[in-house]
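**Student:** Sharing a structure, written as structure tokens. Questions coming.
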Amino acid sequence: MCLLLIDRIKKSKTKADSFTLIQCFGQMARTVGNKIAQYLSDIFPLLCNFAASLNKDQSIDIDNEIAEACLSTFESLVKKCPKEIG
């Protein structure tokens, strides 16, 4: 499931699609966090790229929502997979 989600995020065409898929990662992290630990090397850079690519000079709702979803997902992953994150 994780690999499918990672692939779909990489191929997402709109920010709205990306936002929805990032939220899926967040929910997965909260629910079965330690089981997706093996995919952290794929998930973390992907989320970092989304967070870094947002327009910092303008407050655009979808960009803000993506940033919030990325941060929430990071938080969940750190809480659920502390050894793997370290």
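**Student:** Can you report the number of residues in region 41-79 which are basic (Lys, Arg) and surrounded by 12 or more Cβ atoms within 10 Å (Cβ to Cβ)?
**Tutor:** Going through region 41-79 one residue at a time, the tally reaches 1.
**Student:** What number of residues within region 4-31 satisfy the criterion of being closer than 10 Å to Leu77 by Cα and among the hydrophobic types (A, V, I, L, M, F, W, C)?
**Tutor:** 3
**Student:** Moving on. Scan region 20-49 for residues that are over 18 Å from Glu84 (Cα atoms) and in contact with a Phe, Trp or Tyr (Cβ under 9 Å, 6 or more places away or on another chain) and jot them down.
**Tutor:** Ile22
Read the figures in this text as sums done on the coordinates, not as results from a lab. It should be emphasised that the depicted structure is a prediction, and the values quoted were computed from it without experimental measurement. Methodologically, a virtual Cβ is constructed for each residue, glycine included, from the backbone with ideal geometry; neighbour enumeration extends over all protein chains shown.
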